[in-house]
Amino acid sequence: MRIATWNVNSITARLPRFNEWLELADPDVVCLQETKTASFPSDRAEELGYEVAHNGDGRWNGVAILSRVGLEDVSLQFEGQPGYANDDEDALLSVPKVEARAVGATCGGVRVWSLYVPNGRALDSAHFPYKLEWLDRFRDVVAAEQHPLVVTGDFNIAPTDDDVWDIKAFAGSTHVTADERARLTALLDCGLVDVVPRPQKYDKPFTYYDYRAGMFHKNMGMRIDLFYASPSLTVLDAYIDRDARKGTGPSDHCPVVVDLSP
DNA sequence: ATGTCCGTAACCTACGGA
């Protein structure tokens, strides 16, 4: 079974490239993040035999699972998923809003979660404790989940210092802190393995490159799109589709493609 | 690294977010 994950940074803006990639990569299951739409444009995917579970509410976030090996027991959020109280609003009137950041489904006998973990923004931002709490609550879900299990998506955390181009550039930043990495360890402690994909070029398995400052061409990236899987799933291959980051109108993230044998 | 790109609201540009 081939499972891929990709933060597309708007499925609407990416649709021509996405549809082309879908045929080329030929995945059985696709986990998407940052679809940034309320309505998933699924016409071509359906022609290719995929069913679609999409959790999207408009301008921000949005996650999906596409599967051509069955799509059952869809969850459009997770049990206990925290919301974020938007601080633009009057604090007294502000109600925490559960964002479109998680979708789960059972595909061909594998339980799959597609996640778009909150960014955190800055260490002193209210978005940072929200990120940690969100991961704490998701851990509780993973602890109770059935196996075989795949938890994948944009985690907005680099698991080790080697997973960013220069750790010195991240002093005082999110994505690399012990607090965030402890949440990754907690997920792995539920009985999952970090499937590290092979890069197509250079030595580091980066999955994300900022659009600015020629970061992609300087190989200044990060590994923040992760693939956590039950150890009962044998990994036949795992690679980063670097080609999808090239050319006109790419996402700022690369797809990660994993071949598994149950 | 702050050099770009996204969607939106409101216009033909500015903004928040990443």
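The values are calculated or read from the model by the stated rules, or taken from the named source; none is laboratory data. Worth saying up front: this structure is predicted, and the values here are computed from it rather than measured. FYI the Cβ positions are ideal-geometry reconstructions off the backbone, even for glycines, and counts take in every protein chain you see.
Filter segment A:66-86 down to residues that are touching a residue at least 24 places away in the same chain (Cβ under 8 Å) and of a type in the set (S, T, N, Q) and give me whichever is farthest from residue A:128 (Cα to Cα).
A:67
Determine whether segment A:155-164 contains at least one residue that is within 14 Å of DNA strand B (Cβ to nearest atom), touching a helix residue (DSSP H, G or I) at 6+ places or on another chain (Cβ under 9 Å) and assigned to a helix (DSSP H, G or I).
Within segment A:155-164 (the criterion being within 14 Å of DNA strand B (Cβ to nearest atom), touching a helix residue (DSSP H, G or I) at 6+ places or on another chain (Cβ under 9 Å) and assigned to a helix (DSSP H, G or I)), the answer is no, since none of the residues qualifies.
Among the residues of segment A:206-219, write down those that are surrounded by fewer than 21 Cβ atoms within 10 Å (Cβ to Cβ) and in contact with a helix residue (DSSP H, G or I) (Cβ under 8 Å, 6 or more places away or on another chain).
Matches in segment A:206-219: A:216 only.
Out of A:191, A:109, A:104, report the one residue that is modelled with pLDDT of 95 or more, among the small types (Gly, Ala, Ser) and under 28 Å from residue A:242 (Cα atoms).
A:104
I need the strands (runs of 3 or more DSSP E) fully contained in segment A:205-262, keeping only those with at least 1 residues that are aromatic (Phe, Trp, Tyr).
Fully inside segment A:205-262 and qualifying: A:225-229, A:234-240.
Looking at segment A:160-186, I want the residues that are farther than 20 Å from residue A:139 by Cβ and have a partner that is assigned to a helix (DSSP H, G or I) and among the charged types (D, E, K, R) with Cβ atoms under 7 Å, at least 6 apart or on another chain. Which pairs are those?
Short answer, once both residue conditions are applied: A:167/A:161.
Checking residue A:149 against (1) more than 14 Å from residue A:3 (Cβ to Cβ); (2) away from DNA strand B (no atom under 13 Å from the Cβ); (3) in contact (Cβ under 8 Å) with a residue 40 or more places away in the chain; (4) of a type outside the set (Gly, Ala, Ser), which test does it fail?
It fails just one condition, (1).
For segment A:165-182, which residues satisfy the criterion of being among the β-branched types (Val, Ile, Thr), out of contact with any Leu (no Cβ under 8 Å at 6 or more places or on another chain) and within 11 Å of DNA strand B (Cβ to nearest atom)?
Hit for segment A:165-182 is A:176, nothing else.
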